[in-house]
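Below you'll find the structure, written out as structure tokens, and then a few comments.
The values are calculated or read from the model by the stated rules, or taken from the named source; none is laboratory data. Remember, predicted model here, so these are calculated numbers, not experimental data. Cβ sites come from the backbone with ideal geometry, for glycine too, and all protein chains shown count toward neighbours.
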Amino acid sequence: MIDTFRFAHETRIGTMELIATDQHLVYCAFAPARVEALARAGLAEPSTVASQAVLDRAVHQIDGYLAGELREFALPLDLRLATAFGRQVLAALAGVGYGRTATYGELARAIGRPTAARAVGARLGANPLCVVLPCHRVVGSTGSLTGYAGGTDAKRQLLALEGIAV
């Protein structure tokens, strides 16, 4: 089992739980990580820390992003909590840059699965690295805000921060 460290970070859009190994960020979301999911991925139950290099770097970058000072994250990420399909979907997010949106259908087509829009939505709903891997930039086919782990108000705020009116 790989040791992990946990930090609850208060932001203007809600409390984010961050979990990291000594080298990678593995979880960043609005809901607490499930211990059994961590164990299945070979990660030990995290111990709470006030400071740890990867977590400190993540907090600094999240705060910079939320202050409008940072557009891209440069963090060492570990996607072991995502399924193989989930990793494909998350990789496709790289094509949805700051200040832009894509639909679930567009992301499905980008990964070569044009009929998998719902499956893409489900995988984005399980994004283990929320905000850092910007699933908030994915909207419904009509441009509507659909589910978001932090709630639609948080999604609206994140999109507004990037200059996207919804």
Matching option when the condition is among the aliphatic types (A, V, I, L, M), at pLDDT below 95 and not in a helix (DSSP H, G or I), among ALA37, ALA33, ALA74, ALA94: ALA33
Top-ranked residue of segment 40-53 - restricted to ones that are in a strand (DSSP E or B) and of a type in the set (S, T, N, Q), ranked as surrounded by the most Cβ atoms within 10 Å (Cβ to Cβ): SER47
Answer residue from segment 64-113, given it is under 25 Å from GLN52 (Cβ atoms) and among the small types (Gly, Ala, Ser) and is nearest to the chain's Cα centre (by Cα) among those: ALA82
Segment 1-28: number of residues that are β-branched (Val, Ile, Thr), assigned to a loop (DSSP other than H, G, I, E, B) and more than 15 Å from ARG57 (Cα to Cα): 2
Pairs, first among the aromatic types (Phe, Trp, Tyr) in segment 2-13, second surrounded by fewer than 17 Cβ atoms within 10 Å (Cβ to Cβ) and outside any strand (DSSP E or B), C-beta under 6 Å, six or more apart: PHE5/VAL49
Within segment 95-127, considering residues that are in contact (Cβ under 8 Å) with a residue 40 or more places away in the chain and over 21 Å from GLY151 (Cβ atoms), the one surrounded by the most Cβ atoms within 10 Å (Cβ to Cβ): TYR98
Out of ALA8, ALA92, sole residue that is buried (at least 16 other Cβ atoms within 10 Å of the Cβ) and either assigned by TED's automatic domain parsing to the domain that holds THR152 or not hydroxyl-bearing (Ser, Thr, Tyr) (or both): ALA92
